[in-house]
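The values are calculated or read from the model by the stated rules, or taken from the named source; none is laboratory data. What you are looking at is a predicted structure, and each value in this text was computed from that prediction instead of being measured. Counting neighbours? That spans all protein chains shown, and the Cβs are built from the backbone with ideal geometry, glycine included.
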Amino acid sequence: MKREIGISVYPDHSDPKKDREYIKKAAELGYTRIFMSMLEVKDKAKASQKFSEIIGYAKDKGFEVILDIAPAIFDKLGISYDDLSFFAKLGADGIRLDEGFDGNKEAMLSYNPEGLAIELNMSNNVAYLENILSYEANEPFIYGCHNFYPQEGSALPYDFFVSCSQRFKRHGIKTAAFVTSQSAKVGPWDVNDGLPTLEMHRHLPLDLQARHMFATGLIDVVIIGNAYASDEELEALAAIDRYKLSLGIEFVANATELEKKIVTDPKHFRRGDITAQAIRSTMVRVKYADEPNPAHDNMREFQVGDVVVGNDGFGKYKNELQIVLEPHQDPRKNLVGKILPEELILLDFVKPWTKFCFVPKN
């Protein structure tokens, strides 16, 4: 399934001009999804004007807009679940049900004549989706999206996130999850310690959170939960490869131009016959077989995340690239760089035949 990136907008807590500037910038960078909170609307007429204007602007910029709603909103606005035309008239592409019903209700909603997508809460490891599908839901109009968690320490642990997400992926449902900006301050509530889905992401760089999400193979749409992410963060996230695993690397001072060329080669993949000691990328040794590579930084114990290249003393393995998984010594290998410490979480996703690349940080 095509992978997308998105932003969040909070019309009840933000400035319309800033919202438009944010949407314009994101659109120019290739963002295509907007999560828009509608949990605190009180006046139907005012809400209609405010939301239709900002949604209309977002649609003109090519965004798919999903409105986050709760059952209380229907009562406040005098809207029936049997008639979703109010949201369609606002210009929304779908509604996210912050709370669930009995399964049959969600299934019926998926057949709404307005063609709105019905997005379900993914952050529960129960048979919620299976129950809805058992009522013959209109599957192409069913989406899944995790929650975000404003309170420090309250977001999902990784294993639970995986279990929840697998329920949706095994049915081919489009999935989404949130990452958090380290500079944004706007969210739906008065507590905002960041808005990630995964607790382990709360203090990580935004682009790394997204690369980790995509690496799991469980999430199709990664959305920045809080607003407004900085221009630098928006650009860094937009620049990632959504389909190939990328690893940030810092070169050591003695890394040669040849070794930097080997590291930045775009066609790395892990050998299929894997070893526990290191991730081996072997085609570069063929490509650069005739290039000399004198020894340097080779008389030490290599640590997990070190990136090494075979030197002239390594025979046929000269210029082979390896990422160290187990500490070891081998003077036939040169230390050329190190995977950034916070990015070591990505090494678990380098499986047999996995394609990957490096992003130099210095």
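Results for (1) of a type in the set (Val, Ile, Thr); (2) surrounded by fewer than 23 Cβ atoms within 10 Å (Cβ to Cβ); (3) under 23 Å from residue 360 (Cα atoms), shown as yes or no for each residue.
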| residue | (1), (2), (3) |
| --- | --- |
| 286 | yes, yes, yes |
| 309 | yes, no, yes |
| 325 | no, yes, yes |
| 330 | no, yes, no |
| 338 | no, yes, yes |
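Does the range 99-106 contain at least one residue that is at pLDDT 95 or above, closer than 20 Å to residue 170 by Cβ and not in a helix (DSSP H, G or I)?
no
Out of the range 109-148, which residues are of a type in the set (Phe, Trp, Tyr) and more than 26 Å from the chain's Cα centre (by Cα)?
Kept after step one, since they are of a type in the set (Phe, Trp, Tyr), are these residues of the range 109-148: 111, 128, 135, 141, 143, 148.
111, 135 - these are the residues of the range 109-148 that are of a type in the set (Phe, Trp, Tyr) and more than 26 Å from the chain's Cα centre (by Cα).
Please specify each residue of the range 30-61 satisfying the condition of being under 17 Å from residue 222 (Cα atoms) and surrounded by fewer than 15 Cβ atoms within 10 Å (Cβ to Cβ). I'd like the intermediate steps shown before the answer.
The first filter runs over the range 30-61 and keeps only residues under 17 Å from residue 222 (Cα atoms), leaving 30-37.
Selection gives 30 alone.
Give the range 64-101 a look and list any residue that's among the polar types (S, T, N, Q) and buried (at least 21 other Cβ atoms within 10 Å of the Cβ), or say none.
Step one: filter the range 64-101 for residues among the polar types (S, T, N, Q), giving 80, 85.
Of everything in the range 64-101, nothing turns out to be among the polar types (S, T, N, Q) and buried (at least 21 other Cβ atoms within 10 Å of the Cβ).
Among strands (runs of 3 or more DSSP E) lying entirely in the range 235-321, which contain 3 or more residues that are more than 30 Å from residue 6 (Cα to Cα) and not basic (Lys, Arg)?
On the way: elements: 245-251, 278-281, 306-310.
In the range 235-321, the matching strands (runs of 3 or more DSSP E) lie at 278-281, 306-310.
Hey, does the range 29-48 have a residue that's hydroxyl-bearing (Ser, Thr, Tyr), touching a helix residue (DSSP H, G or I) at 6+ places or on another chain (Cβ under 9 Å), modelled with pLDDT of 95 or more and not in a loop (DSSP other than H, G, I, E, B)?
Within the range 29-48, none of the residues are hydroxyl-bearing (Ser, Thr, Tyr), touching a helix residue (DSSP H, G or I) at 6+ places or on another chain (Cβ under 9 Å), modelled with pLDDT of 95 or more and not in a loop (DSSP other than H, G, I, E, B).
Any idea how many residues of the range 322-351 are assigned to a loop (DSSP other than H, G, I, E, B) and of a type in the set (Asp, Glu)?
Qualifying residue count for the region: 2.
Quick check on residue 220: is it acidic (Asp, Glu), in contact (Cβ under 8 Å) with a residue 24 or more places away in the chain and under 22 Å from residue 32 (Cα atoms)?
yes
Scan the range 127-143 for residues that are under 15 Å from residue 116 (Cβ atoms) and in contact with an Asp or Glu (Cβ under 7 Å, 6 or more places away or on another chain) and jot them down. Quick ask: steps written out before the conclusion?
If we filter the range 127-143 for residues that are under 15 Å from residue 116 (Cβ atoms), which is where we start, we get 137-143.
Across the range 127-143, the qualifying residues are 137, 143.
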